[in-house]
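K.L.:
I have a structure I would like to understand better, so I am pasting it below and will then ask my questions one at a time.
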Amino acid sequence: MTVTVALRSNSTNLGDLVVDGTNHGNEVTFTLGESGTESVKLSVPDDDSLVGETVYFHVNASASGLDVSATDRSVPVEA
């Protein structure tokens with residue numbers, strides 16, 4: 001399965017997507033095997049003014065016979 005996570009255009013200034021300790025910027029694509037898992041984190045600048053901002057992102061996954069899309073997901077920036 002191929003998975004893509006992308007920050008929405010109005011959230012790209014809030015941080016960068018990180019997988020396995022590697023910074024991927026505004027979008028990351030990776031492959032998962034059966035029953036596989038992966039964590040995508042957001043590296044946020046050390047800026048207290050960002051606390052309480054909302055980060056919006058999209059997730060798309062595809063495999064043979066499967067297409068899944070989760071648009072406009074969100075998470076707050078916490079201290």
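The values are calculated or read from the model by the stated rules, or taken from the named source; none is laboratory data. Bear in mind the structure is a predicted one, so any value in this text is a computation, not a measurement. No Cβ is skipped: glycine too gets one built from the backbone with ideal geometry, and neighbour counts run over all protein chains shown.
K.L.:
Being surrounded by 13 or more Cβ atoms within 10 Å (Cβ to Cβ) and either charged (D, E, K, R) or in a strand (DSSP E or B) (or both) is the filter here; which residues of segment 9-24 pass it?
P.N.:
Answer for segment 9-24, where residues must be surrounded by 13 or more Cβ atoms within 10 Å (Cβ to Cβ) and either charged (D, E, K, R) or in a strand (DSSP E or B) (or both): Asp16, Leu17, Val18, Val19, His24.
K.L.:
For the list (1) over 10 Å from the mean Cα position of the chain (by Cα); (2) exposed (fewer than 11 other Cβ atoms within 10 Å of the Cβ), I need the number of the one condition that Ala63 fails.
P.N.:
(2)
K.L.:
Asp47 passes all but one of (1) within 15 Å of the chain's Cα centre (by Cα); (2) at pLDDT below 95; which number fails?
P.N.:
It is condition (1) that Asp47 fails.
K.L.:
For the structure I just gave you, tell me whether Ala79 is exposed (fewer than 12 other Cβ atoms within 10 Å of the Cβ), modelled with pLDDT under 95 and not acidic (Asp, Glu).
P.N.:
Yes; evaluated as a whole, the condition is true for this residue.
K.L.:
Let me confirm something: among Ser62, Ser43, which residue is hydroxyl-bearing (Ser, Thr, Tyr) and in contact with a Ser or Thr (Cβ under 9 Å, 6 or more places away or on another chain)?
P.N.:
Ser62
K.L.:
Mind checking which pairs have a first residue in segment 34-48 that is over 23 Å from Ser64 (Cβ atoms) and in contact (Cβ under 8 Å) with a residue 24 or more places away in the chain and a second that is of a type outside the set (A, V, I, L, M) and surrounded by 10 or more Cβ atoms within 10 Å (Cβ to Cβ), Cβ under 7 Å, 6 or more apart or different chains?
P.N.:
Leu42/Gly15; Ser43/Gly15; Ser43/Asp16; Ser43/Asn23; Val44/Gly15; Pro45/Gly15
K.L.:
So which of Glu53, Glu27 is out of contact with any Lys or Arg (no Cβ under 6 Å at 6 or more places or on another chain), surrounded by 13 or more Cβ atoms within 10 Å (Cβ to Cβ) and without any contact (Cβ under 8 Å) to a residue 24 or more places away in the chain?
P.N.:
Glu27
K.L.:
Condition test on Gly33, is it outside any helix (DSSP H, G or I), over 13 Å from the mean Cα position of the chain (by Cα) and within 20 Å of Val77 (Cβ to Cβ)?
P.N.:
No; evaluated as a whole, the condition is false for this residue.
K.L.:
Only one residue in Ala70, Ala6, Ala79 is of a type in the set (A, V, I, L, M, F, W, C), outside any strand (DSSP E or B) and on the phi < 0 side of the Ramachandran plot. Which one?
P.N.:
Result of the check over Ala70, Ala6, Ala79: Ala79.
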